[in-house]
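Visitor: Dropping a structure here in structure tokens format, bear with me for questions.
The values are calculated or read from the model by the stated rules, or taken from the named source; none is laboratory data. None of the values given here were measured: they were computed from a predicted structure. For neighbour counting, all protein chains shown are included, and Cβ atoms are generated from backbone atoms with ideal geometry for every residue, glycine included.
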Amino acid sequence: MPAEEGAEEEHEEGLLTGHAGTETEAAEPEETPREVPSPSLPGYEREGDLETLSELSEAPTENLANPGSQSRWKPDMALFYPLLHSGRQTRCEAMLNLLNNLLGAGLLTMPKAMAEAGLITGLAAMGIVAVANRYTLLQVLWMSHSVLSNEECSYPELGRHVFGQKGLIAVLVSYLVFTLGILSSYLIVLVDLLALTALRGAPRLLLVFFAVLMCTPAALLRSLRHVALVSAVCMLGVGCLVVVLTSVSVRDVLSGDMENAPIEMAGNAGDVDLFRGDLRRFLSGTALFSLQFSVQAGGIEVLSRVDHGQNEEAPNSMSSLLAAERISEVAFTLALFLSATLGTAAYLRFGDKVAGNVLLDFNPSYAPLLVSWISYGFVVVCSFAFIMVPCRLAALDVLALRRRDNPSIESVPKERFMSLTAALLGVCAVVAWTVTDLSHVLKFVGVWATMALAFVLPCSFLIELRRRQEGVSVFSSANLVDLVLIAFGLCVACAALLDLFAPSTPTPHRVFVPNMAEVGGTFPTSQVVLDPDA
């Protein structure tokens, strides 16, 4: 009987960690699961912290006190993302790094997202999506703390421990699509900036070449150093852009004599809709909002490396998770405020005529705009390195090109490193050359990568861990929020498929009468405007 019980415990641990267990391990079933870890081993919370941990995660954690219920396996591959391996960070540095993840190229598509979702419904959707992304970010962080260890918080490794190789591949492929899409969007932004300023009228292929040339030094970095300083500089550039674009938009709206001003007739291009009744367009805008606040993969490393000063036991206690809550609350609030401000102001200025990249709607001859564009170009070039490093590592893991005994990026041969970097740059360059609308690229990423990384996978992991550790049914009321988020991600994907294979049927032309007082009169042909987009 003891041997059978030990075998069952070993089998349960193999399911959780993704290791089936070798014959050598099966020969000693009683010793391995019952081995008590050293108190200094990271990843094992103190008994006094377990109650608070349960309250924070809203998931039962009694089994976490049992060492056999936690994973003691080291990752067989370096599946964490070494973005910040230059040491621990202060809370201010962590917040800047998290903000740098939150305020990327998606910021330029917020007006377009508002046009898709409607003004009031868009603002509501933006707030809800931001809260949902923060919720899943903290859940991924909590699961990494409890299943892995505080120093090895890893989204892909978490997927392997929950669903084995399938979970690992799902996270890595989703993250590879996500990062490739973000890198492509950075090149598109640079191409648009070059077309508006220095190289106006040049062929797009030439603009893409110069954009790739500008980003190549950042793409060749093997790892990142002094990221907090770079993040602070990037935040200055983003703040400058938001202030200038918002000021210009508000000034134009209040002037009353601007061109392309929003008008009141529903259905006409350039109008401002308070609510969006078209579910497909609403979900399309929501996909862009979701992308803007999706930082699950890189965010857990940022939040797991916060320095707690003199408190040496803090990394192994609830202080890490509580600090992550406070830092993420401030970062998400600031990102939500900046995104809503720019999105609302530019949408009120341009209405449904707003471009996928809002920069294309402004006149570069205005000096403050030119300065803000140059500063944002610097932000994009710096941010390229932030995304290329984890993108390259995800590609190496997907292609199994890193050695398991020495998985650091330095162990990758130079020829392989250069060829893979060139291949990634080539893919991004082709996308930037063939796709001219920034919102189209980010919408694709928001549907096919963000929905998985931000909602479907984290909630699936949490539901499965609750089922294994606590016996909670999949459709229990405790999993209601997670099931709703999974359903939301699947609905957005289904809506995108419908748009792809069954585009909306065009509606009949409508007649707009310029003078409502003359409705009963007869109008010349020149006074009747047919709107095919109505």
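Visitor: Can you find even one residue in the stretch 399-419 that is at pLDDT 90 or above and in a helix (DSSP H, G or I)?
Guide: Filtering the stretch 399-419 for residues at pLDDT 90 or above gives 418-419.
Applying the additional criterion that residues be in a helix (DSSP H, G or I) yields 418-419.
Yes, there is a match, as at least one residue in the stretch 399-419 is at pLDDT 90 or above and in a helix (DSSP H, G or I).
Visitor: Would it be correct to say that P82 is under 30 Å from F444 (Cα atoms) and at pLDDT below 65? Give the derivation first.
Guide: On the way: under 30 Å from F444 (Cα atoms): yes; at pLDDT below 65: yes.
Against the criterion (under 30 Å from F444 (Cα atoms) and at pLDDT below 65), P82 qualifies.
Visitor: Would you mention how many residues in the stretch 189-206 are surrounded by fewer than 22 Cβ atoms within 10 Å (Cβ to Cβ) and part of a helix (DSSP H, G or I)?
Guide: From the stretch 189-206, those surrounded by fewer than 22 Cβ atoms within 10 Å (Cβ to Cβ) are 194-206; that's our starting set.
Restricting the remaining residues to those that are part of a helix (DSSP H, G or I) gives 194-196, 204-206.
Total meeting the criteria: 6.
Visitor: Identify all residues within the stretch 301-352 that are assigned to a helix (DSSP H, G or I), of a type in the set (V, I, T) and modelled with pLDDT under 80; write none if there are none. Give the derivation first.
Guide: Of the residues in the stretch 301-352, the ones assigned to a helix (DSSP H, G or I) are 301-304, 314-316, 319-352.
If we keep only those that are of a type in the set (V, I, T) as well, we get 302, 327, 330, 333, 341, 344.
Selection gives V302 alone.
Visitor: Specify the residue that is modelled with the lowest pLDDT; the eligible residues are those in the stretch 151-172 that are more than 20 Å from W448 (Cα to Cα) and crowded, with 21+ Cβ neighbours inside 10 Å.
Guide: This residue is C153.
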